[in-house]
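Peer 1: If you scroll down you'll find the structure; I have some questions about it.
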Amino acid sequence: MSKKYEKYTIEQFITDDDFIQWAKYPTDETDNFWHTLIKNEPSQSSTIQKAKLSVQQLALVSKQIVLTDEIPIIWADIEEEINVNPKFIYLGFTWKKWVATASVLLILGMGFWWQFHVSQSNNSVYAKLTSNSPNPLNEIINTFSNELAIKLPDGSEATLKPNSRLSYSKTFDGKLREVYLAGEAFFVVKKNPQKPFMVFANGLVTKVLGTSFSVKAFETDKEVIVKVTAGKVSVYTQNSSRNQDPEINGVVLTPNQKIIFGKDDERFTRTLVEKPIVVITNKELQQISFNDAPVEQIFLALEKAYGIKIIFDKDVVINCHLTTSLSNENLFEKLDIICAGIEANYKVVDAQIIITSNGCN
């Protein structure tokens, strides 16, 4: 495919055989092609999304049963619109004839769905933020069934989940690197302490200097969730008050922590991610093993391996010893094994692990 799709209009897309084939019958190869095009030409994302929708809608319409008596009326309406838009007359009574109809309907009639969707979105937090941005924005909309990789202007990367959209400045020339999210995305942010990276998502702000984290903030969800993989982020609500820094009332997250923000009560709940990952190298992890070692030493090793605070009473577990390694099970499986060995229990409170034990005889 050597066509200059970066300059295509909606009408050109929906009359292009390769585009029609992909929209109706996508394959891994064609999905990769269009993923790459959107990544390299973000300004075309919205156009491609609309064109893809119109082709898919038309495919459904073309399969509908139409009463014979209605056909002359339908085609009279179509021909009337084609007379208004004569550039479509050259198309024959084939699929492209239907596609010509699609472009008319998209612009004048079938665009109802899209216009309804946009009108609903215009009242959203995302729409208000992007419309008030002082800088020109690129918008990426992921209408694919799989994730979409995006390269941001500063070299940072975003992985956009399906049914999500992301807007960002075309240059990041200002004092801040601001992006706007509706949906879910994972970010790997290039370090730049002089220019903080900020994600605005459904009433919540996530501020970082350089790290990797995810934000889930669909407009219809009652919660916004931020998870940190590496580094630190500051999470706080947007506050219109000019007399108070909204970050003061926020929460700082470190690796393997997440925050759940309830939009109804505006309450933060900090906890651990479902599957904490190791923050040291695999080589370091494999070298950690214990032979009849004090359990205090094991807990301290777990703290280092996962970057998670483990609270326990040293005096109570002073006589507890175990033989184990840290290289196989996940964190919670390891804790289950350790606690079973010393007749203890654990629970997660405010992203920390609290060990309760009666000691070992």
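Peer 1: Residues of region 327-339 being part of a helix (DSSP H, G or I) and either closer than 17 Å to P294 by Cβ or in contact with a helix residue (DSSP H, G or I) (Cβ under 8 Å, 6 or more places away or on another chain) (or both), which ones?
Peer 2: L331, K334, L335, I337, I338, C339
Peer 1: Could you identify the single residue in N163, N192, N132 that is farther than 25 Å from P246 by Cα and either surrounded by fewer than 18 Cβ atoms within 10 Å (Cβ to Cβ) or touching a His at 6+ places or on another chain (Cβ under 9 Å) (or both)?
Peer 2: Criteria check complete, one pass: N163.
Peer 1: From the list F218, F200, which residue is touching a residue at least 60 places away in the same chain (Cβ under 8 Å), buried (at least 17 other Cβ atoms within 10 Å of the Cβ) and not assigned by TED's automatic domain parsing to the domain that holds S46?
Peer 2: F200
Peer 1: Right, next: Of a type in the set (G, A, S), in a helix (DSSP H, G or I) and either under 23 Å from S169 (Cα atoms) or modelled with pLDDT of 85 or more (or both), is that true of S45?
Peer 2: Against the criterion (of a type in the set (G, A, S), in a helix (DSSP H, G or I) and either under 23 Å from S169 (Cα atoms) or modelled with pLDDT of 85 or more (or both)), S45 qualifies.
Peer 1: Let me ask something additional. What number goes with the only condition from (1) farther than 22 Å from A158 by Cα; (2) at pLDDT 95 or above that N239 does not pass?
Peer 2: So N239 meets the others, but not (2).
Peer 1: For S234, indicate whether it is at pLDDT 90 or above and surrounded by fewer than 20 Cβ atoms within 10 Å (Cβ to Cβ).
Peer 2: Answer is yes for this residue.
Peer 1: Also, I was wondering about something else. Out of I338, I342, I355, report the one residue that is surrounded by 17 or more Cβ atoms within 10 Å (Cβ to Cβ), out of contact with any Pro (no Cβ under 8 Å at 6 or more places or on another chain) and closer than 20 Å to L285 by Cα.
Peer 2: Going through I338, I342, I355 in turn, the sole match is I338.
Peer 1: Of (1) at pLDDT below 90; (2) part of a loop (DSSP other than H, G, I, E, B); (3) not small (G, A, S), T324 satisfies all except one. Which?
Peer 2: So T324 meets the others, but not (2).
The values are calculated or read from the model by the stated rules, or taken from the named source; none is laboratory data. Bear in mind the structure is a predicted one, so any value in this text is a computation, not a measurement. As a convention, Cβ positions derive from the backbone with ideal geometry for all residues, glycine included, and neighbour counts pool all protein chains shown.
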